[in-house]
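Novice: Starting off with a structure, shown below.
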Amino acid sequence: MLDSLQFGLMLAESGVLEEAVREVMLRPQLMMIAESSPGIQSSMNNQLHKWKNQIRAKLSKVTIEQKFAEEIALYQQSIELDSHAFTQGIDELLLQLSVCSEFYSQASELVAHPHHRYSPMFQSYFCNQWFDSIAQQLKQAQADEVKQHKQQLLADLYQRVETLEAMPEMTEAGNPNKMGRLWDMAAAKLTKTELNILKQFSAFLKSHKGLQDIAEKLGRMADQVSDPNSSNAPVEEPQLVEEQLDQVTDDIVGVHEGDDLAKLLPSETLFLAYPELEVIFYKHLLDHQLMNYQMQGKQRKLRKVKTYKKAAEQALLDKGPFILAIDSSGSMQGFPEKCAKALAYGLMQIALAEQRDCYVIMFSTELITYQLTKKDGLREVLNFLSYSFHGGTDMPSALSEAIKQMHKEQYKNADLLVLSDFIAPAPPESLLAQIEQLKQQKNRFHAVNLSTYGNPQLMSIFDYLWDYTRSPIQRLFKR
């Protein structure tokens, strides 16, 4: 089945995906939005590149459909036969083609020709025509598949354009990265109320540059740890190659002695015209001394080739996930709540735009958790921004939940950021021991203090602490 899959992919590599992407990018509305900002253009190109890879994987399913799989397997069996066996089995082959191949009609015409069946070059010519027929069928089937997915892609792109045009106050002039992030988040269709919420926190972020700086610094910190597993590893990939073989009857390159009656020179049959010479013919046949045409040609074969590829090619994208623990207690109401929501909003934009996993923990006397996803990212951000803060502060439960996530492979090397007023007691010793252990495993613990009354003992457990209050002084403490 793997051979059929790879065979089909190689046959259908006709630029159909590239043509679909070119057609999409030539749409006037999409051209205008892409040219309006380098950030949007970059994000749109990344989206199209990812779409193209996803569709290429889906196209393989066309190849392994029963119809194509049977015909490709039959083709591979046929090209491996010698010319005599191929000629003897041509009628059975036609019966099989009548069930599984559109090539059947053409094949019947080729076999019906009086001089074709016993020609020494018939097998090569027949298989070449068959190969072209399979390629054409695959290209058409995959082109139909691409057309269907292209319509879905266009619907998504136009939805993003509509969402961006509906929130012009969020497009920060001169900051192409922000524009790219907005494009990544703009797949959702927004109501007027939701737009007002986004505009409110976007304006708050613009007016508090310190919060923006914290978000940017946290985004850069996550890139500073390299992936120790990133290395070159051998990978075996099937490739379709051509080999020069004497058994393939593409060309006549000379004459030699042999016993292949299908390649017999006409002059050798003269021995059979005279009874007294007939015994000489059979002696030459037994001694492999009959004069035969010497044939040579190319045969397509799948062969596994070992190459070296980077095992962790997407290391920078996969590393640096975020865990946001946001204090939603009643003591956070007012300015701290606005700061927490605005900063979390900025970090969520970074996580979505840079394809980093982001796990959100909202804690008061109970925990509310969800994982931010790129597809529904804007909708999930809106749910968070609309939430009202109330209740008490249960910091240990929030830290325990964060530690639980950090033990999962998905959040290895994660950055935890706690946004709180830290008006709470210090966590128990057992929890502190787990935090120290995770720090040794390259997990990082950050905090933003939003109150002048925070507990110093509680804040001391973090590697980096930003102090952000109504005071114009924002200080960064490194533990």
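The values are calculated or read from the model by the stated rules, or taken from the named source; none is laboratory data. Predicted model only: the values in this text are computed from it and were never measured. Methodologically, a virtual Cβ is constructed for each residue, glycine included, from the backbone with ideal geometry; neighbour enumeration extends over all protein chains shown. SASA here: full protein model, heavy atoms, side chains in, ligands and nucleic acids out. Shrake-Rupley method; radii C 1.70, N 1.55, O 1.52, S 1.80 Å.
Novice: Within the stretch 66-77, is there a residue that is modelled with pLDDT under 85, open to solvent by less than 10 Å² (accessible area, probe 1.4 Å), among the acidic types (Asp, Glu) and more than 30 Å from residue 164 (Cα to Cα)?
Specialist: Yes; the residues of the stretch 66-77 include at least one that is modelled with pLDDT under 85, open to solvent by less than 10 Å² (accessible area, probe 1.4 Å), among the acidic types (Asp, Glu) and more than 30 Å from residue 164 (Cα to Cα).
Novice: I need the full set of residues from the stretch 84-99 which are surrounded by fewer than 16 Cβ atoms within 10 Å (Cβ to Cβ) and in contact (Cβ under 8 Å) with a residue 60 or more places away in the chain, in order please.
Specialist: Scanning the stretch 84-99 gives a single hit, 84.
Novice: Can you pull out the residues in the stretch 100-116 that are without any contact (Cβ under 8 Å) to a residue 12 or more places away in the chain and in a helix (DSSP H, G or I)? So that I can check it myself, show each step before the final result.
Specialist: Quick first cut of the stretch 100-116, residues without any contact (Cβ under 8 Å) to a residue 12 or more places away in the chain only: 104-105, 109, 112-116.
Once the filter is applied, which keeps residues that are without any contact (Cβ under 8 Å) to a residue 12 or more places away in the chain and in a helix (DSSP H, G or I), the stretch 100-116 yields 104, 105, 109, 112.
Novice: If I go through the stretch 405-430 residue by residue, how many of them are more than 25 Å from residue 337 (Cα to Cα) and either in contact with a Pro (Cβ under 6 Å, 6 or more places away or on another chain) or of a type in the set (Val, Ile, Thr) (or both)?
Specialist: 1
Novice: Quick one: which residue in 327, 357 is modelled with pLDDT of 90 or more, among the acidic types (Asp, Glu) and touching a Phe, Trp or Tyr at 6+ places or on another chain (Cβ under 8 Å)? Walk me through how you get there before you give the answer.
Specialist: Working: 357 fails: modelled with pLDDT of 90 or more.
None of the other options fit; the residue is 327.
Novice: Can I ask one more? Within the stretch 253-280, which residues are assigned to a strand (DSSP E or B), open to solvent by 40 Å² or more (accessible area, probe 1.4 Å) and at pLDDT 80 or above?
Specialist: Scanning the stretch 253-280 gives 255, 256, 257.
Novice: Ok, one more. Residues to consider are 124, 98, 78, 105; find the one that is polar (S, T, N, Q) and in contact with a Ser or Thr (Cβ under 7 Å, 6 or more places away or on another chain).
Specialist: Working: 98 fails: in contact with a Ser or Thr (Cβ under 7 Å, 6 or more places away or on another chain); 78 fails: in contact with a Ser or Thr (Cβ under 7 Å, 6 or more places away or on another chain); 105 fails: in contact with a Ser or Thr (Cβ under 7 Å, 6 or more places away or on another chain).
Matching residue, one of 124, 98, 78, 105: 124.
Novice: In this structure, does residue 241 turn out to be at pLDDT 70 or above, surrounded by fewer than 15 Cβ atoms within 10 Å (Cβ to Cβ) and over 22 Å from residue 42 (Cβ atoms)? Before you say what the answer is, go through the steps one by one.
Specialist: On the way: at pLDDT 70 or above: no; surrounded by fewer than 15 Cβ atoms within 10 Å (Cβ to Cβ): yes; over 22 Å from residue 42 (Cβ atoms): yes.
So residue 241 does not fit the description; no.
Residue-by-condition table, conditions (1) modelled with pLDDT of 85 or more; (2) crowded, with 19+ Cβ neighbours inside 10 Å; (3) within 26 Å of the chain's Cα centre (by Cα):
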| position | (1), (2), (3) |
| --- | --- |
| 2 | no, no, yes |
| 12 | no, yes, yes |
| 38 | no, no, yes |
| 49 | yes, no, yes |
| 62 | no, yes, yes |
| 79 | yes, yes, no |
| 82 | yes, no, no |
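Novice: Also, quick follow-up: From the list 152, 137, exactly one residue is modelled with pLDDT of 80 or more and more than 20 Å from residue 24 (Cα to Cα). Which is it? Give the derivation first.
Specialist: Details: 152 fails: more than 20 Å from residue 24 (Cα to Cα).
Going through 152, 137 in turn, just one is modelled with pLDDT of 80 or more and more than 20 Å from residue 24 (Cα to Cα): 137.
Novice: So residue 124 passes all but one of these: (1) open to solvent by 80 Å² or more (accessible area, probe 1.4 Å); (2) under 17 Å from residue 293 (Cα atoms); (3) modelled with pLDDT of 85 or more. Which condition number does it fail?
Specialist: Unmet for residue 124, out of (1) open to solvent by 80 Å² or more (accessible area, probe 1.4 Å); (2) under 17 Å from residue 293 (Cα atoms); (3) modelled with pLDDT of 85 or more: (1).
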